[in-house]
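Any read-out appearing in this document is the output of simple, stated calculations on the displayed coordinates, not a laboratory observation. Everything numeric in this text was worked out from a predicted model, so none of it was measured. With ideal geometry, Cβ positions are generated from the backbone for all residues, glycine too; neighbour counts draw on all protein chains shown.
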């Protein structure tokens with residue numbers, strides 16, 4: 001039996017006149033929302049439904065999350081409150097007999113059904129199931145990138161621990177490990193030695209994997225992403241977003257700046273390669289592409305032929321109705337007939353910054369250290385005439401207290417020590433009192449700054465980093481030590497205590513530098529400007 005709310009099928013009577021209806025299209029939502037899969041997919045599903053109804057189609061939606069707008073009784077013509085499983089979706093298809101099914105706006109949950117539906121002769125609207133698989137299949141995607149002369153970090157696919165260790169040795173550490181068809185960076189790590197690889201593979205193999213584990217060379221560079229709209233012949237790029245944090249932190253947890261600041265050479269290469277890739281994939285609709293810039297060269301990280309979490313943000317700040325255009329492209333319309341040109345869309349006279357929001361105070365025993373697996377539960381948008389002011393507004397809106405005095409505790413990993421003096425200098429010049437663990441303190445002192453040495457817990461049980469946080473002297477903690485999968489690790493306990501004491505804790509040097517630059521600027525809540533994004537004017 002097909003279950004709906006109250007075991008009934010909800011029908012919206014106030015729909016397009018029957019004489020105008022062209023047929024039914026089925027839209028798959030995102031299912032239950034979890035961390036790593038936010039409401040941006042609900043936004044995309046709803047915008048798609050509105051666009052289809054405007055075009056004269058009858059729309060049915062499948063989604064079983066009552067907390068989303070897509071499951072409001074008046075969003076679609078029919079709502080099936082069903083799990084997004086192959087059997088349940090096929091039951092709905094047998095009832096509705098749709099012209100086609102839209103899988104591109106429900107995130108990873110919906111896109112995973114494409115192969116199954118295609119095998120059962122169900123028409124997938126937009127990008128084909130084979131193209132979706134091409135973007136996820138390591139060997140096929142590498143062949144495509146080679147053909148298009150697009151560089152990628154060296155990578156291999158494995159199924160066993162032995163294969164993983166051999167692959168890591170061949171690629172050389174550090175490596176990025178992740179399952180294919182991953183959602184929100186789930187179960188992704190940066191492995192820096194054999195022990196990390198063994199631990200990771202034990203966890204993954206216990207879960208039982210059907211798809212291979214992907215192992216890539218981890219390259220620490222500037223990360224950026226592009227959302228493209230493609231009609232099969234032409235490509236529109238509403239904007240390019242630059243991440244403040246370097247690679248290694250999930251895009252959903254990174255501060256993203258639009259428009260990004262790139263050299264003309266790199267920007268031209270981004271546009272050209274994105275266009276080539278979108279066309280080669282046979283994209284009809286949206287495709288999200290993530291890149292990194294390493295040693296002044298461009299490398300592709302991944303391509304997802306579906307809506308992404310940046311689409312609502314980019315649609316608002318660019319003025320391009322991305323979901324509507326993508327929906328029309330999926331149905332065969334050309335971008336040129338929609339009133340838009342191709343290539344890179346215009347750059348605004350303002351800067352927009354997306355800043356993630358976290359709920360660590362509500363999630364016990366979760367390490368706040370950011371990495372490849374997404375942990376944010378929301379995001380805010382800061383818009384201003386300059387990049388610095390936009391970041392300030394975004395950080396304030398995200399809940400950062402932006403205190404300009406007090407103490408700063410440094411406890412960064414060894415690989416970050418070369419960059420520590422320049423960061424510490426920024427806080428020192430602002431008049432903050434510096435505290436640091438032994439190795440960090442010695443590094444800071446060699447640069448001529450005064451710093452207070454603080455013992456770790458195992459070095460002094462009565463006077464250490466934990467008692468310092470309890471004292472109230474510290475307003476910022478900067479802790480980048482290795483991600484702790486062990487909740488008993490001292491670095492994890494330090495970060496958890498910071499959360500419990502409501503102390504801002506930063507786990508990436510790039511975020512800490514952005515914070516220090518904001519604190520050094522002239523901005524306060526009383527003097528920030530207001531932007532009219534409809535006219536690019538400062539009010």
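Relative to the longest principal axis of the Cα atoms of the chain, helix 387-397 runs at roughly 90 degrees.
With a cut-off of 14 Å on the backbone N, the residues of region 111-127 near the modelled label site 7 Å out from residue 90 along Cα-Cβ are 113-123. Each of 52, 99 has some number of other Cβ atoms within 10 Å of its Cβ, and from fewest to most they run 99, 52.
The alpha-carbon atoms of the chain define a convex hull whose volume equals 167 cubic angstrom per residue.
Among 434-440, 323-329, 228-234, 403-409, how do they line up from the highest to the lowest mean number of other beta-carbon atoms within 10 Å? List each step's numbers first, then the result.
Working: 434-440: 20.4, 323-329: 25.6, 228-234: 22.6, 403-409: 17.6.
Descending packing order for the listed peptides: 323-329, 228-234, 434-440, 403-409.
Full extension of the chain between residue 473 and residue 172 gives 104.1 nm of extra length, using 0.36 nm per residue less the Cα-Cα distance.
Peptides 473-480, 282-289, ordered by how many other C-beta atoms sit within 10 Å of their residues on average, highest first, read 282-289, 473-480.
Per-residue ellipticity at 222 nm computed for the chain from its helices equals -9500 deg cm²/dmol, with DSSP H segments shorter than 4 residues left out and the rest contributing -39,500 (n - 2.57). The label-point distance for residue 121 and residue 336, in a model that sets each label 7 Å from Cα toward Cβ, rounds to 3.7 nm. What shape does region 47-158 take by its C-alpha gyration tensor, where a ≥ b ≥ c are the square roots of the eigenvalues and a/c under 1.5 counts as rounded, a/b above b/c as prolate, and the rest as oblate? Prolate, since a/c reaches 1.5 and a/b exceeds b/c.
Hey, with R₀ at 60 Å, roughly what FRET efficiency would residue 143 and residue 447 work out to, going by the Cβ-Cβ distance, to 0.05? Computed FRET efficiency for residue 143 and residue 447: 0.75. Note on residue 429/residue 133: beta-carbon distance plugged into 1/(1 + (r/R0)^6) with R0 of 45 Å gives a FRET efficiency of 0.25. Note: relative contact order over the chain, using C-alpha pairs below 8 Å and six or more positions apart, is 12 percent. Model label points for residue 502 and residue 265, set 7 angstrom from Cα along the Cα-to-Cβ axis, are 5.1 nm apart.
A compact globular protein would have a Cα radius of gyration near 2.2 N^0.38 Å; the ratio found for region 222-348 is 0.98. Apply the a/c threshold of 1.5 to the C-alpha gyration tensor of region 22-63 and tell me whether it is rounded, prolate or oblate. Oblate, because a/c is 1.5 or more while a/b does not exceed b/c. If you sort the three axes of the alpha carbon gyration tensor as a ≥ b ≥ c, you get a/c under 1.5 for region 402-520, which makes it rounded. By DSSP, the beta bridges lying fully in the chain are antiparallel in about 65 percent of cases. The angle separating the long axis of helix 40-54 from the principal Cα axis of greatest extent in the chain is about 20 degrees.
Modelled this way, with points 7 Å down the Cα-to-C-beta line, the labels at residue 413 and residue 205 are 2.4 nm from one another. Against the chain, whose longest principal axis comes from its Cα atoms, helix 194-207 is set at around 40 degrees. From most to least packed by mean Cβ count within 10 Å, the peptides 422-431, 78-87, 383-392, 332-341 give 383-392, 78-87, 422-431, 332-341. Between residue 533 and residue 457, what's the calculated FRET efficiency when r is the beta-carbon distance and R0 is 41 Å? Round to 0.05. Here the calculated transfer efficiency is 0.25.
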